[in-house]
Structures are given as C-alpha cells and as structure tokens.
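Before any comments, here is the structure.
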Amino acid sequence: MRKIKFKKGQKAQLNHLEYTGKHKKFESEMQLFVYDDADFVEFPDIEITDFKKGINNQKNNWLNLHGLNEIDLIEAIGAFFKIDYFLLSDILNTSRRTKLEEYSDMLFFNIKSMLPAEHSDNISVEQISFLLKDGILISFQEKRSDFFTHIRERIRNHSGIVRTKKVDFLLYLLLDAIMENFYITIENEEDKVEELIRISKESADPSILVRIEKHRDNFNFLKRAIIPLRDSLLAIKNLKEEEEFKCIESDSFGYFSRLHQKSLELLEQIESDMGMLESASNFFFSSQSHKMNEIMKTLTIVSAIFIPLTFIAGIYGMNFEHMPELKYQNGYYVVIGIMVLIVIAMMIYFKKRRWF
C-alpha cells in the first residue's frame, strides 16, 4: 500500500513545480479533439504554439496530456488557460488524495486510476487530473494508457451521444471509464482471495497468511481511494443547486449521480470482500488450531498408553531383595504378556470412545 512519507528537512516550495510520481521515463505528448454534432477534428500531436489555431471556442475541445515530466510545458499550459499555480502543483503531486474544487468558471478534479499489476499481488496506481473550463476539458495523465481508447473511437465515429453533448458529458464518460478500472481491480482481487481460500483448505503454509494480509492492505487502499471519490461526486451532485456554477449543464448532473451510486456500490463490494478475507484468515487459524489439536491428541494417547507400562516396569525395577515374582521361571514373559494385554485393552477402549 502506498503511503505518504515525511522526509526530514523537506520544505514546501510554493514557486517550484515538481512531478512526484514514478512514471518519469514517459515523454510528454498532447492530443486535441475538437468536435460538435456536425464536425470533428483531431490533432494527434499538437504543440502549445498551435493552441490558438486548434482550439475552437464555438465547439467542444478535449486536450489530453500524457506524461508530466516536462514542467515547462505544464507551466505553459497553466499560463495559456489561466490555471492557478497551486492547481498545477496538485496535478504534479501524485501523493494527494482524490480532490474536487469548483469555481464559477472552472472545475478541477483529480482521481486515482487503479489496475491490477501483472504477475504480482500489487495494484498499479496512476493519478489523472481534469480541468473543465470554458467549453474545454483538459486531462492530465502520468503515462500513455488505454483507459479512454473507446471514448476516442466514439468521438471519431460519432457513436452514441457524446458529440451531441457538451464537454461536461465527456468528463462523465472519462470518470466512468476510470471507475470501470476499480471494478476490474476488485474482481481481480476477489479471484485471488477465492484462490487463497481454496489453498488454505489444503495447505498450512504460513505464506498464505502473508498473502491474505497483502490483499487486506489492497482492499484498504482501494477503500481509501474510493471514499474521497464518493464525497467528490456527491459534491458535484450538490452543485446543481448553485446557480452561479455554469461548467456543468443542468441535464448532466444526473450522469454524475450515477457515478456517485457506482462509488457506493464499490464501497459495499469492498466491505463484502474484506469480510471474505476475514473469513479466510479465521479459517486458516482454525485449520492450524485443529491440526495442532490432532497432534496433541495423538501424543496424549501415546503417553496414556505408556503410563501403565512405565508403572509396571518401575515396580519391577526396584532393587528389593524379597520380590517373589523375580524368582518365577516365566515371570518375564508373564509381565510382557500383561503389558501387551493392557495396550490392547486401552486401544479398544480409546477406539470405542472415538478418541482416534
């Protein structure tokens, strides 16, 4: 689980932007989509110097940026669109929780996108930020990914209603695509938990408990990401009552209400899955305890069988001079026979009592 760590001596530099994520090898690329119901233009690799020529204030504009390593480019985008400096800092600081800030002419939203990491029990995390302002939606991604490929195709092919709506509907589609990643991640975690439960019934390997705790951490991490998302979506729902907020059309608030309902469903599913993990952990400990009890029962039966034998051997091991049995010619065989009969009688008794 990723945590925010405090480094001694580190001071906030209000006039210095720095990307804090781990995807530092990706070069920055920008794509611009300009569209409406009748027309569509795509700029696959636009430069900031072409913004004035490419952006059309009479149509919908979606500017997507991959890679946050070029600070000068981020600053130039902020200057062109008049974005506050502290918002640019929030875009580059990936340790922040999901956040929503609304202004009369702009909406800022950042969210954590999560997918299961390949060949491990970890979760891959990427922060994606959105700025909705004056008929333009700007999305900032840490790296190139396939989250929004189907949305781009819908815009290109005029599929669905995306080109008949404003960019606030596009924001809904992008957020919905990111939330689908939560479903994929949770489903992957559920499959692994079910596999752990199956293995725990067959093996007493302590590494199973380690993996159970790892998945518990993963679910807690998912929960920590979804709770602020739920609160942010609720805040968007409440913006409908503020007449001065114009970034979202009145008929689009219902879409964000759906996303809020999805966030509630995700949290409920996580709570249910964490209950499964608790059951798996309890089953593991119960299985371990049962096996230990079986071992102790076996050892106790063996000890109980040898107690009378040890008692007899102890009596005839005493060195008294007058012990009449010591003079019997077949005394040794008689005592051994008695011992064998005692063992057989005790085994029959234990078997009838179902002690083994």
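Just checking, which of 32, 100 is under 15 Å from residue 136 (Cα atoms), in a strand (DSSP E or B) and not charged (D, E, K, R)?
So the residue among 32, 100 that is under 15 Å from residue 136 (Cα atoms), in a strand (DSSP E or B) and not charged (D, E, K, R) is 32.
Output the number of residues of region 112-141 satisfying the condition of being over 30 Å from residue 36 (Cα atoms) and among the polar types (S, T, N, Q).
Residues that pass the stated criteria total 3.
Only one of 351, 262, 291, 297 is open to solvent by 80 Å² or more (accessible area, probe 1.4 Å), touching a residue at least 40 places away in the same chain (Cβ under 8 Å), assigned to a helix (DSSP H, G or I) and not β-branched (Val, Ile, Thr). Can you tell me which?
291
Condition first: under 24 Å from the mean Cα position of the chain (by Cα), open to solvent by 10 Å² or more (accessible area, probe 1.4 Å) and not hydrophobic (A, V, I, L, M, F, W, C). Now tell me which residues in region 119-149 satisfy that.
Matches in region 119-149: 119, 120, 121, 122, 124, 143, 144, 145, 146, 149.
Please identify the pairs in which a residue from region 306-324 that is under 12 Å from residue 339 (Cβ atoms) has its Cβ atom under 6 Å from the Cβ atom of a residue that is modelled with pLDDT of 85 or more and open to solvent by less than 100 Å² (accessible area, probe 1.4 Å), counting only partners at least 6 apart or on another chain.
Final answer for the pair search is 308/342; 309/339.
With respect to the numbered conditions (1) at pLDDT 90 or above; (2) surrounded by 14 or more Cβ atoms within 10 Å (Cβ to Cβ); (3) hydrophobic (A, V, I, L, M, F, W, C); (4) more than 21 Å from residue 154 (Cβ to Cβ), which one is the sole condition not fulfilled by residue 32?
The single condition residue 32 does not satisfy is (4).
The values are calculated or read from the model by the stated rules, or taken from the named source; none is laboratory data. Model, not experiment: these values are computed from the prediction. For neighbour counting, all protein chains shown are included, and Cβ atoms are generated from backbone atoms with ideal geometry for every residue, glycine included. Surface areas here come from the heavy atoms of the whole protein model, side chains and all, with no ligands, DNA or RNA. Shrake-Rupley method; radii C 1.70, N 1.55, O 1.52, S 1.80 Å.
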